[in-house]
Amino acid sequence: MSYNSSEISTFEGHIIVAEDQKINLEALQMNINNLGIDSKIEYCIDGRETLQVALEILEEALSAPPSGRVRPISLMLLDLQMPFKTGIEVVKEMRKFYS
């Protein structure tokens, strides 16, 4: 499958990558860089940090005037088995705050 780089690099919001294994995180970073994505990327190493970063991004977005709001988070790549919280638990907690 081929991708058009202009289609891939047009994310409006943040990208959050959560991975606790250093080698996997390095591979993800390399692949994201190779795609040429021009977006704010946050790399997290556990579920607690991931939730904190995501909630801070959402809070910041909600405090912006309605005319200036964009999608705060375009993509989240979550490890399912991280320390402190799994990727599924992170999403469930986010939904509690913003549902």
What lysines sit close enough to Lys22 to cross-link, taking a C-alpha to C-alpha distance under 21 Å and skipping anything fewer than 8 places away on the same chain? Lys40, Lys85
Interchain or long-range residues, amide H under 5 Å from Met82's placed H: Gly87
Any residue on another chain or 5+ positions along whose placed amide H is under 5 Å from the amide H of Ile73 is listed here as His14
For Lys96 and Ser74 in the same chain, what is the full-extension length gain: residue separation times 0.36 nm, less their Cα-Cα distance, in nm? 6.0 nm
Largest first, please: the extent of the C-alpha atoms of the range 16-97 along each principal axis, to the nearest Å. 40, 31, 14
Under 5 Å between amide hydrogens, which residues at least 5 positions from Glu42 or on another chain qualify, with H placed 1.01 Å from N in the peptide plane? Ile15, Ile16, Val17
Provide the packing ranking of 42-53, 83-94, i.e. peptides ordered by the mean count of other C-beta atoms within 10 Å per residue, highest first. 42-53, 83-94
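Every read-out reported here was derived from the displayed coordinates using simple, explicitly stated rules and does not represent laboratory data. Quantities reported herein were computed from a predicted structural model and do not represent experimental measurements. Using ideal geometry, Cβ is built from the backbone for each residue, glycine included, and neighbour counts are taken over all protein chains shown.
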